[in-house]
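**Q** Pasting in a structure now, in structure tokens, and then I'll have a few things to ask.
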Amino acid sequence: MLRPKPSIDVLKRREEWLEKIVDETVEQYGKIHGKTGYFNSWFHAFPEGEKLKDRTAHELYCAGHLIEAGIAYRKATGKDKLFRMICRYADYIDQVFRIDAKAGFCTPGHEEIGLALVRLFDETGERRYLELADFFLAKRGANEKDEKRYDFASFWALHGRGSP
């Protein structure tokens with residue numbers, strides 16, 4: 001049986017055992033949450049210069065789900081440690097993409113991060129999150145950085161599907 005994310009389960013009915021698991025997991029993540037705010041356990045071991053360089057690595061997709069989880073868990077429990085961590089991560093993403101333009105690509109490969117940023121704006125009132133979501137939308141399909149680096153026509157041809 002498929003189960004919803006733990007933070008969503010806690011929204012429905014607080015279960016002490018489940019809340020304890022989530023709290024322990026948040027504590028562990030807190031130990032690897034870097035100085036920059038970057039927050040992805042898979043890429044934690046990678047040098048700073050290798051993060052947010054490959055659009056197909058799903059870093060922003062995962063960040064979007066993590067942001068959603070942080071919001072849901074705070075709403076469910078009133079605990080804000082995960083929420084503060086995801087805000088720092090969103091600030092880092094904003095810095096790398098919109099402010100410094102140092103990422104290896106301009107737009108996420110999936111809309112999850114944009115949806116999460118709008119929800120984060122709703123929760124915090126911090127306009128920069130809405131501006132980052134808008135940045136991703138405005139750049140999609142309208143920037144050379146992604147188009148030159150990702151030859152999607154060749155990808156589809158290679159996989160025998162023609163164009164999408």
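**Q** Being over 15 Å from A103 (Cα atoms), in contact with a helix residue (DSSP H, G or I) (Cβ under 9 Å, 6 or more places away or on another chain) and surrounded by fewer than 20 Cβ atoms within 10 Å (Cβ to Cβ) is the filter; apply it to segment 38-60 and report the residue that is modelled with the lowest pLDDT.
**A** H44
**Q** While we're on this one: Test G34 against the stated conditions and say whether it is assigned to a loop (DSSP other than H, G, I, E, B), surrounded by fewer than 21 Cβ atoms within 10 Å (Cβ to Cβ) and not charged (D, E, K, R).
**A** Numbers: assigned to a loop (DSSP other than H, G, I, E, B): yes; surrounded by fewer than 21 Cβ atoms within 10 Å (Cβ to Cβ): yes; not charged (D, E, K, R): yes.
So G34 passes the test.
**Q** Only one of (1) under 11 Å from the mean Cα position of the chain (by Cα); (2) over 23 Å from D23 (Cα atoms); (3) assigned to a helix (DSSP H, G or I) is not met by V96, so which one is it?
**A** Here V96 meets the rest and fails (1).
**Q** Take the conditions farther than 25 Å from R13 by Cβ, outside any helix (DSSP H, G or I) and not polar (S, T, N, Q) and apply them to K102. Does it pass?
**A** In short, yes.
**Q** If only one of V10, V22 is assigned to a helix (DSSP H, G or I) and at pLDDT below 85, which one is it?
**A** V10
**Q** Among the numbered criteria (1) at pLDDT 80 or above; (2) surrounded by fewer than 17 Cβ atoms within 10 Å (Cβ to Cβ), which single criterion is violated by S154?
**A** The failed condition is (1).
**Q** Out of the residues in segment 101-131 meeting the condition of being at pLDDT below 95 and more than 11 Å from the chain's Cα centre (by Cα), tell me which one is surrounded by the most Cβ atoms within 10 Å (Cβ to Cβ).
**A** Filtering segment 101-131 for residues that are at pLDDT below 95 and more than 11 Å from the chain's Cα centre (by Cα), the one surrounded by the most Cβ atoms within 10 Å (Cβ to Cβ) comes out as T107.
**Q** Show the residue pairs that are 6+ apart or on different chains and have beta-carbon atoms under 7 Å apart, the first residue being within segment 109-130 and closer than 22 Å to D54 by Cα, the second being buried (at least 18 other Cβ atoms within 10 Å of the Cβ) and among the acidic types (D, E).
**A** The qualifying pairs are A116/E68.
The values are calculated or read from the model by the stated rules, or taken from the named source; none is laboratory data. Small disclaimer: the values here were computed from a predicted structure and weren't measured. For neighbour counting, all protein chains shown are included, and Cβ atoms are generated from backbone atoms with ideal geometry for every residue, glycine included.
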